[in-house]
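Read the structure below first, then the notes.
Since every read-out is calculated from the coordinates, none of them should be taken as a lab result. No experiment lies behind these values; they were computed from the predicted model shown. Please note: Cβ atoms are built from the backbone with ideal geometry, for glycine as well, and neighbour counts cover all protein chains shown.
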Amino acid sequence: MSADRGGDLSIEEAAVELGMSPTAVIQLLENGQLPSHLGPDGRRRRIARADLQTHREQRFALRQQLVQEQRARRWSEASDLPPERVYEPAPGDGVDTR
């Protein structure tokens, strides 16, 4: 039961398109993060391909934003560190420095 290129998708087809489980897609539907409507049989939910593409683009943009924020945090934390110190053993440390 495959949808045409521009049509609606079943939950299972949407899961394949998004690379997640059907259960995860159902959670997106129930949380209102992905719109759906009832199919022609009036029993099963369908997802418009355009809505799926919009969700995928928003999810990608959010992921990119989170990665950039994490990188910025790492750089700011690295710049807050004191300069590296070279370990110089004290006389009598038992470290062979020959």
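Observations
- Positive-pole candidate from P40, S76, A15, dipole of the range 8-79, charges at beta carbon: S76
- Placing +1 on the Cβ of every Lys and Arg and -1 on the Cβ of every Asp and Glu, with nothing else charged, gives the range 8-79 a dipole about its Cα centre of roughly 180 debye.
- With each label modelled as a point 7 angstrom along the Cα→C-beta vector, the D41-Q27 pair spans 2.6 nm.
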